[in-house]
1. Can you name the residue in segment 30-71 that is at positive phi, touching a helix residue (DSSP H, G or I) at 6+ places or on another chain (Cβ under 8 Å) and more than 9 Å from the ligand (Cβ to nearest atom) and, of all such residues, is modelled with the highest pLDDT?
2. Would you mind telling me which numbered condition in (1) buried (at least 24 other Cβ atoms within 10 Å of the Cβ); (2) closer than 25 Å to residue 132 by Cβ; (3) within 14 Å of the chain's Cα centre (by Cα) residue 297 fails?
3. Tally time: how many residues in segment 235-287 are over 20 Å from residue 46 (Cβ atoms) and within 13 Å of the ligand (Cβ to nearest atom)?
4. Can you go through 101, 92 and tell me which one is within 15 Å of the ligand (Cβ to nearest atom), farther than 30 Å from residue 194 by Cα and under 23 Å from the mean Cα position of the chain (by Cα)?
5. Please go through segment 248-294 and pick out each residue that is under 30 Å from residue 173 (Cβ atoms) and part of a loop (DSSP other than H, G, I, E, B).
6. Please note which strands (runs of 3 or more DSSP E) are completely contained in segment 1-78 and include at least 3 residues that are farther than 16 Å from residue 299 by Cα.
7. Counting only residues that are surrounded by fewer than 24 Cβ atoms within 10 Å (Cβ to Cβ), more than 8 Å from the ligand (Cβ to nearest atom) and within 19 Å of residue 265 (Cα to Cα), how many does segment 300-324 have?
Ligand SMILES: Cc1cc2nc3c(=O)[nH]c(=O)nc-3n(C[C@H](O)[C@H](O)[C@H](O)COP(=O)(O)OP(=O)(O)OC[C@H]3O[C@@H](n4cnc5c(N)ncnc54)[C@H](O)[C@@H]3O)c2cc1C
């Protein structure tokens, strides 16, 4: 058997979505030239390629762009900067010593990297993960798969549709399917509040007269070859179906929008510590994981609401990774950030205390007229008052290094 040649790289970036592209551009700007971006799809841009609605880039470019338009700005720059981008290249192996194995159209390749950038995005939860009872007919799609069929392949997925889950992708698809001539009968959400952004509830459901049923779930799917009928039931406070509340919907399609899971199989292979709240790697303020020389940004780290912040995170990572590659020591993480049960998740999970940091967090449930409070011991180091706090909306909070006491963990909660 032929030995595989191992190529040396300063930085290997896994994933050419907005996080990977932004990280690559920042690395190049900081003088790192020996870079390769590995992307398993035929084209770069990540999930944005299939998001043809507008609303991207409002924070960063102050204009309304579609997903492909937003991604293209970065792809053009990658090409202009001559950064090596290898598509049709799926990374299948990553060690803690930063040896990267990739299956490409030209065969198996290996890279030894000074720094590895994890930018693999996330994937959707499926019917299997939910365990919905019933038969196994055709016509059940995740919202992202339905989006790719319609927007990338020009294939219609169905005519009479029930959407389970009120995540943003499902809401966007409710509108998209309606515009394509389908009838969206209902959006069914188990929680007492929507999982998607308020603007998407208004623009994708209310504006089209699509009903949203909170505290409901799909309890049965019937159909022989194709979906024919679903049963929807109310749920109680414990999330269990209430007998006697069943409603039947005659439909041919079920679209699932029930959550995203950061894509971290490679992360786990490399032995990187995972945060059970985000399902992504634990990082410090430099986006450095628990394994030396491996960094992470974007949806692989935590699921974002706006792509603008994904690009910003990729750039922050690029700055730190460039320092690491050129032999500068990154500050050791000494302070843990510990959210209480009012907080859904928080990134970074550890910080050095030696520099100003920006924290991204999501609350665990909706709150009104409350404050997010950061404490070290009894001392309040930051208090951010908010009229409304919603789990789908990420909150960004700046902590000044002068406000921090060295070595003391930070407790975070809604008060
Ligand atoms: C289905 C779906 C629809 C979305 N729609 C919207 C929307 O309408 N509006 C919005 O603001 N946000 C939307 N989002 C959120 C959006 O994902 C983020 O804003 C942003 O695209 C995340 O960027 P990323 O670079 O972290 O990940 P991604 O854009 O997901 O990019 C990750 C890339 O890594 C590649 N990759 C993964 N594993 C490997 C591997 N082993 N080897 C090589 N390459 C690999 C993937 O192919 C992909 O190209 C959507 C997300 C999903 C999942």
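The values are calculated or read from the model by the stated rules, or taken from the named source; none is laboratory data. Keep in mind that what you see is a predicted model, and the values were worked out from it rather than measured. So basically every Cβ, Gly included, is an ideal-geometry build from the backbone, and we count neighbours across all protein chains shown.
1. 31
2. (2)
3. The number of residues fulfilling the criteria is 6.
4. Exactly one of 101, 92 is within 15 Å of the ligand (Cβ to nearest atom), farther than 30 Å from residue 194 by Cα and under 23 Å from the mean Cα position of the chain (by Cα), namely 92.
5. Answer for segment 248-294, where residues must be under 30 Å from residue 173 (Cβ atoms) and part of a loop (DSSP other than H, G, I, E, B): 251, 252, 257, 258, 259, 263, 264, 276, 277, 278, 279.
6. Strands (runs of 3 or more DSSP E) meeting the threshold: 6-14, 35-39.
7. Matching residues across segment 300-324 total 0.
Okay, residues lined up against (1) assigned by TED's automatic domain parsing to the domain that holds residue 340; (2) over 30 Å from residue 73 (Cα atoms); (3) out of contact with any helix residue (DSSP H, G or I) (no Cβ under 9 Å at 6 or more places or on another chain):
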| position | (1), (2), (3) |
| --- | --- |
| 223 | no, yes, yes |
| 226 | no, yes, yes |
| 244 | no, yes, yes |
| 253 | no, yes, no |
| 267 | no, no, no |
| 281 | no, no, no |
| 290 | no, yes, yes |
